[in-house]
1. Across region 753-778, what is the total count of residues that are part of a strand (DSSP E or B), open to solvent by less than 40 Å² (accessible area, probe 1.4 Å) and without any contact (Cβ under 8 Å) to a residue 40 or more places away in the chain?
2. For region 282-297, what are the residues that are buried (at least 16 other Cβ atoms within 10 Å of the Cβ) and in contact with a Gly (Cβ under 9 Å, 6 or more places away or on another chain)?
3. Looking at (1) farther than 23 Å from Leu469 by Cα; (2) surrounded by fewer than 16 Cβ atoms within 10 Å (Cβ to Cβ), which one does Glu119 not meet, given that it meets all the others?
4. Cβ-Cβ below 8 Å, separation at least six or inter-chain, first residue in region 461-485 and charged (D, E, K, R), second not in a loop (DSSP other than H, G, I, E, B): which pairs?
5. Between a residue in region 508-536 that is touching a residue at least 24 places away in the same chain (Cβ under 8 Å) and more than 28 Å from Asp573 (Cβ to Cβ) and any residue that is among the polar types (S, T, N, Q) and buried (at least 22 other Cβ atoms within 10 Å of the Cβ), which pairs come within a Cβ distance under 6 Å, given they are 6 or more apart or on different chains?
6. Against the conditions (1) over 29 Å from the mean Cα position of the chain (by Cα); (2) more than 15 Å from Ser681 (Cβ to Cβ); (3) touching a residue at least 24 places away in the same chain (Cβ under 8 Å), where does Val613 fall short? Just the number, please.
7. Scan region 549-580 residue by residue and report those that are in a loop (DSSP other than H, G, I, E, B) and either of a type in the set (S, T, N, Q) or without any contact (Cβ under 8 Å) to a residue 12 or more places away in the chain (or both).
8. Give the number of residues within region 343-370 that are within 17 Å of Phe498 (Cα to Cα) and open to solvent by less than 30 Å² (accessible area, probe 1.4 Å).
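The values are calculated or read from the model by the stated rules, or taken from the named source; none is laboratory data. Remember, predicted model here, so these are calculated numbers, not experimental data. Neighbour counts are summed over all protein chains in view; Cβ atoms, including those assigned to glycine, are modelled from backbone coordinates with ideal geometry. These accessible areas exclude ligands, DNA and RNA; they are computed on the full protein's heavy atoms, side chains included. Shrake-Rupley method; radii C 1.70, N 1.55, O 1.52, S 1.80 Å.
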Amino acid sequence: MEIASKYNPQDVEGKWYAYWLENGYFKSKPDGREPYTIVIPPPNVTGVLHMGHMLNNTIQDILVRRARMKGKNACWVPGTDHASIATEAKVVGRLAEQGINKKDLSREDFLKHAWEWKEEHGGIILQQLRKLGASCDWDRTAFTMDEIRSESVIKVFIDLYNKGLIYRGVRMVNWDPKALTALSDEEVIYKEEHSKLYYLRYKIEGDTDNYIIVATTRPETILGDTAVCVNPNDPRYAFLKDKKVIVPLVNRAVPIIMDEYVDMEFGTGCLKVTPAHDVNDYMLGEKYNLPTIDVFNDNGTISEAGQLYIGQDRFDVRKQIALDLEAAGLMEKVENYENKVGYSERTNVVIEPKLSMQWFLKMEGLAKPALDSVMNDDIRFYPSKFKNTYRYWMENVKDWCISRQLWWGHRIPAYFLPEGGFVVAETAEQALTAAKEKTGNASLTIADLRQDEDCLDTWFSSWLWPISLFDGINNPGNEEINYYYPTNDLVTGPDIIFFWVARMIMAGYEYNKDKPFKNVYFTGIVRDKLGRKMSKSLGNSPDPLALIEQYGADGVRMGLMLTAPAGNDIPFDESLCEQGRNFNNKIWNAFRLVKGWEVSTDIEQPESAKIAVDWFGNVLNKTVAEVDDLFNKYRLSEALMAVYKLFWDEFSSWYLELVKPGYQQPIDKATYDVTLGYFDSLLRLLHPFMPFITEELWQALAERKKDESIMVALMPEDAGFDEQVITTFERVKEIIAGVRSIRLQKNIPNKELLSLEVAGSHNGAFDKAITKMANLDSIKIVTEKDATAASFLVGTTEYAVPLGNNIDVEAELKKLNDELVYLKGFLKSVKGKLSNEKFVANAKPEIVDNERKKQADAESKIKTIEESIAALNK
């Protein structure tokens, strides 16, 4: 293959992705190999690629590609989520643009529009993931509302209903007035807000000159007040026993109830009770059999039951009612107040607590095995700090409100009977059979049954994802579920630990008697360099596809992974992608250098090359072992840095320089072949992180067969290493760096040969490497160094470079004397510390040892400088 002078990702990426697809390298079928399985967290069909997707899917691709190269049968299953609330909102919005109101459509007509929208937009994000290099088995692409997944969802609903775990009832729920649906507790986000606390006067019935003061942040809800509660132990309100008070403006007399639930220290000690619009008030209402007045319509406007402000928006009413209370002399005062307000996670509007008939799933029994498996590390969390978050939620789990007042989704398979009651069945035909049995009415027809209008929470389908992707609900124990389940790794964000991770674990134990995955890798949030979360509204989120266009997919992948430790937020800066692109160029140029050498079979391998080959082989094997260990600990960023340093620092800066032939000289074949072998290993280590450039260069490295690919080449194995060789060579590097530093200080050209004198112990086995890299004509052991020599220490051994005519004696003496003064002052301060008995007695032993080392180093350097001064003064 002809290699271009510059690396251009556009020439490479599309070509190799098509090649991988054409050769079926992403495909997986059960066989005799060890499986490695990841299921993609299904992005919403409404979605387009953002930086969070980029990070999450880069990590998944790294894990999958590495597993493939470890000889495993790697299967990465892609798919999308139907996202009930988000998608329905998009479809309603598009219909509105066409002048169509959802209310004017039948369910069937609306769903036709929704499916059309899904077909237009649903596959966009999966196509975009291909640009990133995602090696998913695209033939397995699933959708949470496709036939297999839908059938699975309905089966599970019926099974849980038959087990008595699903029930229907009127409960206080979180109501989204924009999406017009109930939400689970996990779909509510609480935000700190600057609110107002309104102190209202409730007059005492029969004694209208007197009143009590009740504080509330929501004065519009007084329209639904049915009691006022005080603590029976509060002496201020003992006189109210058996009395009633008048609700302001509404003029409704409501009873005083006495309950220790009220905190006497909070506010005025009087609590207005609105059972229809507050969870705690609802419980008080149940306890004292209070009437319930629902003053809100589903869209957040005031209902007829509110009597006043009918049809007006709740927040407009809040402003108006405050003015009206003030005008009526019923407002005591208004104070600024900080409180937490619940918002819908999907529509970002303030939720209303609302009594509503909904379907619920009992969670307590399902939660126990799911909690135990994480706490005993049968399922491992990375980082493990999220175990505490998980445990807290699982130990306090509430029943899950699974019904949504939407049309786009899995319709609840409950059918209401003409005389009341309902049956649950997979199909209308089965429902009719069940209805006839239940009622004894053989003349019933399907037309007599009415299916529940609601659909199921989106998460009720995605909690089955690791099982339903292998059809384990409809066909339990089939070949694929037995082979691929439990999956290996789940990569997801900690923000859906309850929505999704916990529920998948519950479903796994309930429906496949095993965990759904072995490890959960929690990514952090991608933030800008100011620490802000990336979002469209802030305009601080770059377009991932534009980044790929500019820096190449490998550059962007590397940029994301350079600062992406598990569970910690990622401070993203485009300069990281630039660093990734620069690394691509470094690899490319190193490859062109090596492939540009002329190779000779007639020359011997130089001693310096033998040293380099031996040393780098040990460094390579040590790095392979380190990378294996880091992957086992899910420290992927550190694994990338280890390979990055191996290539940039060790291979390019040291190894290639050591083996590089002289100008217009050939390289010996033995060294060249080993170098190509090392390059091959480096490309394989890099491939999971940077798939495109590594495939391009691996193909050009040697003759390849038509269907060969680095994707399925085996990852280098740890073949053992000699730590002593590595340690000794680190000392060699210091010696070479010392000579180079003297050249720099004295302005001695690199091409000018120098000699090196050694006073002290020295391992001569690496001298040929030192002479080549430092451009020396000799290295000799001396008892007394040259008077003109500039010296440096490596450990306790002194190395000296005779300067001859390259030295300005007067300037050198001044420099040495200045350094001597500084070192003597430094030594005095260290000795002062060590002569302080309190310091030596109380400081940690390692701190004292460090101070003693400083003393020994300073004394050694002083001795060397004094000898240099004496020699120059001769």
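1. The total comes to 2.
2. Thr292, Ile293, Asp294, Val295, Phe296, Asn297
3. Here Glu119 clears every test but (1).
4. Once the first residue is charged (D, E, K, R) and sits in region 461-485, its partners that are not in a loop (DSSP other than H, G, I, E, B) give Asp471/Ile148; Asp471/Ser152; Asp471/Glu480; Asp471/Ile481.
5. Phe517/Thr487
6. In the conditions (1) over 29 Å from the mean Cα position of the chain (by Cα); (2) more than 15 Å from Ser681 (Cβ to Cβ); (3) touching a residue at least 24 places away in the same chain (Cβ under 8 Å), Val613 misses (2) alone.
7. Step one: of region 549-580, the residues in a loop (DSSP other than H, G, I, E, B) are 552, 562-569, 572-573.
Within region 549-580, Thr563, Asn568 meet the criteria.
8. Residues that pass the stated criteria total 7.
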